[in-house]
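First comes the structure, then the notes that go with it.
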């Protein structure tokens, strides 16, 4: 009992202590950098994801004068995508991971245009949008990516993706609806189908999702359904490669795999999906996995605007850039994040398309824009990994910092502190902290408000 009390206290402290530290952050007063030239340069940042925001933060920190900065995005908020899976599993309110862009831009300062980008004319230096043609002197492509269903149209129709707030809300609604339907189903096979949840893709998103989903089902939903007592929810994690978390360290993978097995997650490796038929996933081997809920986290493809540009691209469709993250054939255009193919300096393998990489690329592009505009030489981009972290359900995570890999509660505390530090705005950080605290002290909110 004493050990459980200490653990619970540590869990609650994990949300309160970071809040006090993060709320004390202050924006530093920048040294002003003056752009050279006879007229004001036009800098357009296309996309308000992690990369685009990092570019603007670098410009703000430099206090750049003499340039007109414009941010364009189809949404008027920055989405903190690492916590989307927690919206899908009822741990976090969606408003707390969507930060309004207009207050942020006012502090840069920069203009903001909420519209959809349709194309880029590299010759005329124009961005084509639904709101008209936008001319630029310097352009940053930080448009992100889209879910890749690998040409399987029936999977795209049936599966639930996890790239947007509406998608996360749909997943949560589907989970709750499946349990409600199972509670009144008389056929055991139908109940088993309704209580089977298949997640395709065992990268970071898929692994974090299944661990959180298990907690939602076992500890928050099923205890309220007397008719389902004795029923076992079944979560199947499907991966085409021969390991979960490809690209991470062996120690990280081992910690994560052991945790998922302890939770009872059914891990299917070397299992490629070929389609969907009659409420079941069909594998390339011809096997069927019957599941009422199918969630797809198996891959991404380049944004159509970036994909349409007549420039050199990698095999996976990303734009090949130089050591400064510029397009060689259009050196006044930078590409970063999911839009750019950037090889690792040591291994030569492409850097992963994740938030950590995009933030560092965005900061480097922002600093180089300041150098360009103030007449200083550019600096090549060098990626230094801050480490890796994967949440594995309540009180558990896997983390690698430098040469040290560790798991359990210490990794979970580090994961929470780090992610809180990356969320934009004190209001959002307070909101997420309160959401996490409420989830620890009581059960999650399980009303289905989508119907």
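Numbers for the structure displayed
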item: From the coordinates shown, Cα extents along the principal axes in Å corresponds to which of (1) 70, 57, 43; (2) 86, 61, 44; (3) 77, 51, 44; result: (3)
item: Rounded to 10°, Cα long-axis angle of helix 250-263 versus longest principal axis of the chain; result: 40
item: Protection-proxy order for peptides 297-308, 133-144, 218-229, each taking the mean of Cβ atoms within 10 Å per residue, highest first; result: 133-144, 297-308, 218-229
item: Percent RCO, i.e. relative contact order, over the stretch 153-298, from Cα pairs under 8 Å lying at least 6 residues apart; result: 34
item: Bridge type composition, the stretch 153-298 - antiparallel percent by DSSP, nearest 5; result: 35
item: Rounded to 5, the percent of DSSP beta bridges in the chain classed as antiparallel; result: 50
item: Degrees between helix 426-441 axis and first principal axis of the chain (Cα, 0 to 90, nearest 10); result: 10
item: Cα long-axis angle, helix 204-215 against the chain (0 to 90 degrees, to the nearest 10); result: 30
item: Sum of -39500 (n - 2.57) over DSSP H runs of 4+, divided by residues of the chain (222 nm, nearest 500); result: -11000 deg cm²/dmol
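No value in this document is a laboratory result; all are computed from the given coordinates. As the structure is a computational prediction, the values presented were derived from the model and not from experiment. Note that each Cβ is placed from the backbone with ideal geometry, even for glycine, and that neighbours are counted across all protein chains shown.
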